Amino acid sequence: MEKNKSNDLNSYDHIDLNELFFILWNKKLLILLATSIFAILSINYSLRLPNIYTSEALLAPSNQSESMNSTLASYSALAGLAGVSLPTGSASKSQEAIERMQSLDFFSNYFLPKINLQDLMAVSTWVPETNSLNYDASLFDQKSNKWVRSVSFPKTTVPSNQEAHKIFMNIFSFSEDSSSGFVSIAIDHQSPYIAKKWVEIIIKNINESMREADKNLSIEAINFLNERAKVTRLTDLKDAISQLLESQMQTLMMASVAEGYVFKTISSPVVSEEKSAPSRSLICILGTIFGFFMGIILALAIHFYKNFKEKS
């Protein structure tokens, strides 16, 4: 008795490939229909997607900023004698710049004021013939130049800096070569002209922001050291203050005259002539394959459901 039950179970577990082939062959029209529907839908979907263009720049760390960083580190012991705390972290200027470029502060203070917010968050299509942008009417009214989107709290009609920053981080990318120190930054956008412009804005303003920060720090340090020099009577301490003043004056000079303070541009961003996304052929192929397998699953489901209904 036990042996017969075991044979029955094995017969149920066994898959007859010939039977499976005939099931699918009999349902070939259903499979073809499902495949065709998904193929058409994927083609329609891919054609609706706007072209995305990428503009990229290759940057090299400026030797001036890196040498000043090492100079400050070498004077850290003297700074301690004078009561001044100098930055001695291991992070280089270029690493700091990469982190700054991703920060909300940099985006809000140095990038967002230089662009049109609607170009970041409301573009629907780019018109190559006129190099103009069309905006999503449900988000931004192009005629009145006002935001009209309907959102719920905590979002506001005019997008906040935090919301805009999240969108920006989706189109901004970077990579760093640890061996050479070269940094590549890129922007994706429907308009290749805007993509190029925004990369240039980032490069210019990351240099400017860090230049201004170091200039202000050097000026404060120089003022402080001059005050300490007036009140100290120790010769060794006066010598230390003099060396620190010299270092800070050098930093201030370099920050004032160096154009590429943190990054030098090796390869400038360009207006891309070819789109980087979407891959419409890949979308269509994957959509068609998905439809084919969905057709097979549907055909098998219908067959076994009918068999179950007949047996019951």
- Message: Of all residues being touching a residue at least 40 places away in the same chain (Cβ under 8 Å) and either hydroxyl-bearing (Ser, Thr, Tyr) or part of a loop (DSSP other than H, G, I, E, B) (or both) in the range 142-169, which is surrounded by the fewest Cβ atoms within 10 Å (Cβ to Cβ)? Just the residue, please.
- Response: 158
- Checked 173, 124 against criteria (under 17 Å from the mean Cα position of the chain (by Cα) and assigned to a strand (DSSP E or B)); the one match is 173
- Within the range 79-94, can one find any residue that is charged (D, E, K, R) and either out of contact with any helix residue (DSSP H, G or I) (no Cβ under 6 Å at 6 or more places or on another chain) or at pLDDT 95 or above (or both)? no
- Query: Before we move on, is residue 238 modelled with pLDDT under 70, surrounded by 13 or more Cβ atoms within 10 Å (Cβ to Cβ) and not acidic (Asp, Glu)?
  - Reply: yes
- Task: Could you run through the range 106-120 and say how many residues are in a helix (DSSP H, G or I) and under 17 Å from residue 204 (Cβ atoms)?
- Result: 9
- Go through the residues of the range 248-269 one by one and say whether even a single one is surrounded by 13 or more Cβ atoms within 10 Å (Cβ to Cβ), among the basic types (Lys, Arg) and modelled with pLDDT of 90 or more. no
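The values are calculated or read from the model by the stated rules, or taken from the named source; none is laboratory data. For clarity, every value in this text was computed on a predicted model and none was experimentally measured. Cβ atoms come from the backbone with ideal geometry, glycine included; neighbour counts cover every protein chain shown.
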